[in-house]
1. Run the numbers on the chain and let me know its relative contact order in percent, using alpha-carbon pairs under 8 Å that are six or more apart.
2. Please go through the residue pairs K90/K138; K29/K131; K74/K131; K61/K138; K29/K139; K29/K74 and name each one whose alpha carbons sit more than 19 Å apart in this structure.
3. Please compute the Kirkwood hydrodynamic radius over the chain, one decimal place, Å, based on all pairs of different Cα atoms.
4. Under a point-charge model restricted to the Cβ atoms of Lys and Arg (+1) and Asp and Glu (-1), what is the dipole moment magnitude of the chain relative to its Cα centre, in debye to the nearest 20?
5. What distance in nm lies between label points placed 7 Å from Cα along the C-beta direction at M70 and V28?
6. Restricting to DSSP H runs of at least four residues, report the calculated mean residue ellipticity at 222 nm for the chain, -39500 (n - 2.57) per run over all residues, nearest 500 deg cm²/dmol.
7. Ordered by packing density, taken as the mean number of other Cβ atoms within 10 Å over each peptide's residues, highest first, how do 128-137, 68-77 rank?
8. Hey, rough spin-label estimate for E63 and K139, points 7 angstrom out along Cα→Cβ, what's it come to in nanometres?
Amino acid sequence: GRSMAAADDPTPDHVEIVAHPLVHDDVVKRVADDGAGAIVTFIGTTRDTFEHEGTLRHVEKLEYECFTPMALVKMRELCAAIRGAWDVAKIAMAHRTGTVGVGESSVIIAVSSAHRREALEACHWAIDELKATVPIWKKEFFEGGEVWKENAEQRREP
């Protein structure tokens, strides 16, 4: 079918890395499109527990560090890959750096498309690939210590 990306808008994709709280509605507004019947969002939030060395630990906060120039390049590459695989209208990705408390959002991805399947599949793929390929590191602060947490996805073979 016809590609939904408007000819007068060469890059209807938005990527950002910010040091302030993420606002779901702001990310969603960036993918609104009159030709889209679906907007799918993924929100990654800080949960209150995680497993460390076989023990469930109480999480106090997370801290994210990022190599921003490369992270933005990688996020744009993800957008291009999505466009190569699915017919989507608009894509927005936002990741937060710094301290992210329990219940707060660290990442939001939104994808719009004419039909739900493309947006659902693209959003699912995007968060997995973002965690695997974008240079963003997470430090977990918990009762009794702290640890840099490698994403298991980052160890996989290319």
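The values are calculated or read from the model by the stated rules, or taken from the named source; none is laboratory data. Bear in mind the structure is a predicted one, so any value in this text is a computation, not a measurement. As a convention, Cβ positions derive from the backbone with ideal geometry for all residues, glycine included, and neighbour counts pool all protein chains shown. Accessible surface is based on the protein model in full, side chains and every heavy atom, while ligands, DNA and RNA are left aside. Shrake-Rupley method; radii C 1.70, N 1.55, O 1.52, S 1.80 Å.
1. 33 percent
2. From K90/K138; K29/K131; K74/K131; K61/K138; K29/K139; K29/K74, over 19 Å: K90/K138; K29/K131; K29/K139; K29/K74.
3. It is 16.4 Å.
4. Numbers: 19 positive and 27 negative charges, 44 e Å.
Value, rounded to 20: 220 debye.
5. With each label point 7 Å from Cα toward Cβ, the separation is 3.5 nm.
6. Result for the chain, helices only: -8500 deg cm²/dmol.
7. With the highest mean Cβ count within 10 Å placed first, the list reads 128-137, 68-77.
8. Output for this residue pair reads 0.3 nm.
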